Structure formats: C-alpha cells, structure tokens
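Asks: Structure provided below as structure tokens; questions to follow.
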Amino acid sequence: MAITVKERIKRHEGKRNRPYKDSEGILTVGYGRNLEAVPFTDHELDVMFDTDFERAELAARSFPQYMLLSPVRRGVLVEMCFQMGYGGVKKFRRFLDAIDRSKWNSAADEMLDSKWAEQTPGRAKELARIFKDG
C-alpha cells in the first residue's frame with residue numbers, strides 16, 4: 001500500500017514539539033510550520049489554550065491547599081498556575097501558608113507583595129481581590 005501525501009510530508013519534515021530554526025534560519029515547529037509566515041487560526045489557538053488550561057488545572061490540583069479553597073479561590077489558583085506554572089506558584093510560600101491557616105486576606109496580601117504583582121499589577125490586583133472575597 002502506498003503512503004499518503006500527508007504521511008510522506010510528515011516523514012520528510014520530521015516532527016518537532018518545540019520551536020527550532022530551520023535550515024534557512026526560520027522559526028519552525030511541528031511538521032515544518034513556518035511560525036514567521038503562517039499565523040495560527042482561531043481554532044488552533046483555542047486548542048492550544050484548552051491544552052494549557054488543562055495543564056494549569058492539573059498543576060493547581062496538585063497543591064494540597066487546593067482542597068481547602070472555594071471554587072472561586074480555586075479558579076484564582078488555576079489562573080496563577082496558567083500564568084506562572086506550578087514552579088512559579090510554589091515559590092509563593094507565605095501565600096500557601098496563609099491558605100493553610102484560612103487567612104484569606106493575608107493570602108491576598110501575599111499575592112500583591114510579589115515580583116509577579118510588579119510585573120502584572122492589574123491582573124494581580126484583580127485576582128487578589130477575587131481571592132479575598134472568595
């Protein structure tokens with residue numbers, strides 16, 4: 001049985017899960033997708049977002065504090081994991097300690113007393129307010 005054109009292209013292009021520079025120095029990913037010339041469709045962006053959201057939700061659930069939170073506060077933790085990853089949120093030790101003690105105002109204050117809040121002040125203020133109100 002002959003291979004399909006798609007299979008042949010995949011074999012020739014090779015698959016890369018991370019962006020790389022091709023032989024012409026063009027940023028490429030997947031099966032030869034030229035990231036500099038071919039924009040993503042809305043559907044592709046939505047698929048990537050859904051995948052990233054699922055990763056963030058799994059990361060948030062891996063914190064023991066997750067079960068101590070209301071659904072609204074869980075959402076804040078998920079969003080923090082989406083933006084900073086598990087490793088980034090794990091560095092918020094005083095924030096996590098405040099959650100362990102059900103000190104919601106202190107946890108929100110710890111969110112604002114961070115480099116993250118300096119880098120994305122609008123988002124941090126909104127999420128801290130949401131976390132505080134629970």
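The values are calculated or read from the model by the stated rules, or taken from the named source; none is laboratory data. No experiment lies behind these values; they were computed from the predicted model shown. All Cβ positions, even for glycine, are placed from backbone atoms using ideal geometry, and neighbour counts span all protein chains on display. Areas reflect the complete protein model, heavy atoms only, side chains present, ligands, DNA and RNA absent. Shrake-Rupley method; radii C 1.70, N 1.55, O 1.52, S 1.80 Å.
Asks: Is the range 58-65 home to any residue that is open to solvent by 50 Å² or more (accessible area, probe 1.4 Å), among the hydrophobic types (A, V, I, L, M, F, W, C) and free of Cβ contacts under 8 Å to residues at least 40 places away in the same chain?
Replies: If we filter the range 58-65 for residues that are open to solvent by 50 Å² or more (accessible area, probe 1.4 Å), which is where we start, we get 58, 61-62, 64.
Subsequent filtering for residues that are among the hydrophobic types (A, V, I, L, M, F, W, C) retains 58.
Then keep just the ones that are free of Cβ contacts under 8 Å to residues at least 40 places away in the same chain; that gives 58.
Yes, the range 58-65 contains at least one residue that is open to solvent by 50 Å² or more (accessible area, probe 1.4 Å), among the hydrophobic types (A, V, I, L, M, F, W, C) and free of Cβ contacts under 8 Å to residues at least 40 places away in the same chain.
Asks: A further question on this structure: Restricting the search to the range 23-57, which residues are surrounded by fewer than 13 Cβ atoms within 10 Å (Cβ to Cβ) and either in contact (Cβ under 8 Å) with a residue 40 or more places away in the chain or of a type in the set (Asp, Glu) (or both)?
Replies: Residues satisfying the conditions are GLU24, GLU36, ASP42, GLU44, ASP46, ASP50, ASP52, GLU54.
Asks: Take the range 116-131 and flag every residue that is free of Cβ contacts under 8 Å to residues at least 24 places away in the same chain, closer than 13 Å to MET80 by Cβ and open to solvent by 80 Å² or more (accessible area, probe 1.4 Å).
Replies: Taking the range 116-131 first, the residues free of Cβ contacts under 8 Å to residues at least 24 places away in the same chain are 117-119, 121-122, 124-126, 128-129.
Keeping just the survivors that are closer than 13 Å to MET80 by Cβ gives 117, 119, 124, 126, 128.
Those that are free of Cβ contacts under 8 Å to residues at least 24 places away in the same chain, closer than 13 Å to MET80 by Cβ and open to solvent by 80 Å² or more (accessible area, probe 1.4 Å): GLN119, GLU126.
Asks: List the number of the failed condition for VAL78; all other conditions in (1) open to solvent by less than 40 Å² (accessible area, probe 1.4 Å); (2) more than 30 Å from ILE130 (Cα to Cα) hold.
Replies: (2)
Asks: Follow-up. Counting only residues that are open to solvent by less than 100 Å² (accessible area, probe 1.4 Å) and either at pLDDT 95 or above or not β-branched (Val, Ile, Thr) (or both), how many does the range 9-22 have?
Replies: We begin by selecting, within the range 9-22, every residue open to solvent by less than 100 Å² (accessible area, probe 1.4 Å); these are 9-10, 13-14, 19-20, 22.
Next cut, either at pLDDT 95 or above or not β-branched (Val, Ile, Thr) (or both) only: 10, 13-14, 19-20, 22.
Of the residues in that region, 6 qualify.
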